[in-house]
Amino acid sequence: MTTHPPVLLAEDDESHVHLVRRFLAKGGLVNPIHAVHDGAAAVAYLNGDGRYADRAEYMLPAVVITDLHLSGAGGLDVLRAVRSDPELMDTPVVVMSGSIEDKDIAAVHQLGASAYLVKPVAFEALLDVIRRLGMPWALQRRPDRGRPDE
């Protein structure tokens, strides 16, 4: 079992899950990535409901990365779940979307997202945003890689 807290990735497009995994690995990050494919599963994970009740197996995430438009509960619901839980409220949340609509961006920032990234550029910017959030305690680099930006 890992000692590094996971990254919770809520993304319904499997190719995007693969890209996020690839970019984070390329940056040398060792945290496990737990991917869920809809907002309801992300909220269940965050709340420790059902299959996610065992916190030894499903640790609270260091970072939540969510697509804005998910089936079931959407990215805004995931963001609300994080911000409304006293145990999670300080957890960084990165929202990714193909939308450049002002209303979407405003809603995400109003709910307290750490960052809003527009796909597909989001995948290249994701590692940079996570680094800028200043979380050396959360995201560890693999010892063989040095700094991710080297």
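Would you please list the contacts, defined by Cβ atoms under 7 Å and residues six or more apart or on different chains, that run from a residue in the stretch 115-128 that is closer than 20 Å to VAL30 by Cβ to a residue that is aromatic (Phe, Trp, Tyr) and at pLDDT 75 or above?
PHE123/PHE23; LEU126/PHE23; LEU127/PHE23
Suppose we keep only residues that are assigned to a helix (DSSP H, G or I) and touching a residue at least 40 places away in the same chain (Cβ under 8 Å) within the stretch 70-80. Which one would you say is surrounded by the fewest Cβ atoms within 10 Å (Cβ to Cβ)?
Filtering the stretch 70-80 for residues that are assigned to a helix (DSSP H, G or I) and touching a residue at least 40 places away in the same chain (Cβ under 8 Å), the one surrounded by the fewest Cβ atoms within 10 Å (Cβ to Cβ) comes out as GLY75.
Considering only the stretch 81-131, state which residues are at pLDDT below 75 and surrounded by 11 or more Cβ atoms within 10 Å (Cβ to Cβ).
PRO120, ALA122, PHE123, GLU124, ALA125, LEU126, LEU127, ASP128, VAL129, ILE130, ARG131
Taking the stretch 23-69 only, how many residues are without any contact (Cβ under 8 Å) to a residue 12 or more places away in the chain, over 20 Å from THR3 (Cβ atoms) and not in a loop (DSSP other than H, G, I, E, B)?
Adding up the residues that qualify gives 3.
The values are calculated or read from the model by the stated rules, or taken from the named source; none is laboratory data. Bear in mind the structure is a predicted one, so any value in this text is a computation, not a measurement. Note that each Cβ is placed from the backbone with ideal geometry, even for glycine, and that neighbours are counted across all protein chains shown.
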